[in-house]
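Here is the structure we will look at.
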Amino acid sequence: MAHAAPHSDSPHHPALAHHFDNLAQQQEAASLGMWVFLLTEILFFGGLFLVYTIYRAWYPDAFASASHHLDIPLGTVNTAVLIGSSLTMAMAVHAAQLNSRRGIMLFIVLTMILGGVFLGIKGVEYSHKFHEHLIPGPHFAYAEAEFFRPAQLFFSLYFIMTGLHAIHMIIGIGLMIWMLVWTYKGIIGDGYFSPVEVVGLYWHFVDIVWIFLFPLLYLIGRHATGH
Amino acid sequence: MAEHAAHSTAHVVPPKVYYVVFTTLMVLTGVTVAVAYLDLGALNAVAALAIACFKATIVVLYFMHVKYSTRLIKLTVIAGLYWLVILFGLTMNDYLMRAMGTFGQQVIQGPR
């Protein structure tokens, strides 16, 4: 189709791969590809959420007890920080759609800062857990002896799930550095922005994972008295 | 060239929509923390999950542009959820049927 007549979509755009008719089609393919990858991510995290579900159903009291050792104020602040970073990421994509290179760079830097704040707070929380001997293993200590083993299950899941989430964020921040370089060099812009859109999809997915992790890990059995 | 590209590519969502979604997400984060302190019995978990699902849905629809995307992408997203339901449905079916009446009732023994 594209070779039949001069196309309104500037077929000679430097970023347009030869097997696409136009940038819109290329953008659609890139988003579809990213979504297919995100499906594998849904099932990857889904498996962990499934393990969580089984063990929480198995040991409800131990999970509620262990959950009380997590810091709700820090978790809430981190949720807000991550939602804020999703907003700035959405604004970066918006700026990209409007071909504003300054806007892309501004909002990507803001997103990276918020992502960094999230990881910093997470590091503080991990440090607290370390000092409280809540890392599963030989030095694990737990006041309520009857929950000694299942509480380790909870904390194993806590560290695996939040740790994998944090690794995803670090990768996301790395991708954003890449986007900054490409935008600075002018590779992104002038109607070509699918890399920013795709990185945005990834970042929002990571946000969604946290939206589920926060209530499931931090907020179990908070209404219960006695702890 | 830029103009051509701009109107041919994806729907440009006005920032106002993003601000509304952001505000909703923040309010719901507060709600989910507040609800956790109310004693709703088994409904505590249901409320937490319902709020989280709603938050995830508006992130997918607006921040991730699925509301404005093609049917192919919408179908892809639904396929992902479908496989997740299979993963949970078949596994929980096995666990709950196998341990009918005893699941979650095990006496927990600590080593000390």
| Checking A:L106 against (1) in a helix (DSSP H, G or I); (2) in contact with a Lys or Arg (Cβ under 8 Å, 6 or more places away or on another chain), which test does it fail? | (2)
| Looking at the range B:41-69, which of its residues are in a loop (DSSP other than H, G, I, E, B), open to solvent by less than 70 Å² (accessible area, probe 1.4 Å) and without any contact (Cβ under 8 Å) to a residue 12 or more places away in the chain? | B:G41, B:M64
| task | Output the residue which, of all residues in the range A:45-63 that are open to solvent by less than 20 Å² (accessible area, probe 1.4 Å) and of a type in the set (A, V, I, L, M), is nearest to B:T29 (Cα to Cα). | result | A:L50
| query | Among the numbered criteria (1) open to solvent by less than 20 Å² (accessible area, probe 1.4 Å); (2) under 30 Å from A:F193 (Cα atoms), which single criterion is violated by A:P150? | reply | (2)
| task | List the number of the failed condition for A:P14; all other conditions in (1) in a helix (DSSP H, G or I); (2) modelled with pLDDT under 90; (3) open to solvent by 30 Å² or more (accessible area, probe 1.4 Å) hold. | result | (1)
| request: Would you tally the residues in the range A:42-65 being more than 9 Å from chain B (Cβ to nearest Cβ) and within 23 Å of A:V199 (Cα to Cα)? | output: 2
| message | Going residue by residue through the range A:86-109, is there one that turns out to be open to solvent by less than 20 Å² (accessible area, probe 1.4 Å), within 8 Å of chain B (Cβ to nearest Cβ), under 22 Å from the mean Cα position of the chain (by Cα) and within 23 Å of B:A42 (Cα to Cα)? | response | no
| task | Taking B:Y68 as the residue in question, decide whether it is within 22 Å of A:G191 (Cβ to Cβ) and modelled with pLDDT of 95 or more. | result | no
| task | Among the residues of the range A:14-34, write down those that are facing chain B (nearest Cβ under 10 Å), aliphatic (A, V, I, L, M), in contact (Cβ under 8 Å) with a residue 40 or more places away in the chain and closer than 18 Å to B:L75 by Cβ. | result | A:M34
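Each row is one residue, and each column tells you yes or no for (1) among the basic types (K, R); (2) in contact (Cβ under 8 Å) with a residue 24 or more places away in the chain.
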site: A:A57; (1), (2): no, no
site: A:V81; (1), (2): no, yes
site: A:R101; (1), (2): yes, yes
site: A:F107; (1), (2): no, no
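The values are calculated or read from the model by the stated rules, or taken from the named source; none is laboratory data. Remember, predicted model here, so these are calculated numbers, not experimental data. For neighbour counting, all protein chains shown are included, and Cβ atoms are generated from backbone atoms with ideal geometry for every residue, glycine included. Heavy atoms of the whole protein, side chains included, go into the accessibility calculation; ligands, DNA and RNA do not. Shrake-Rupley method; radii C 1.70, N 1.55, O 1.52, S 1.80 Å.
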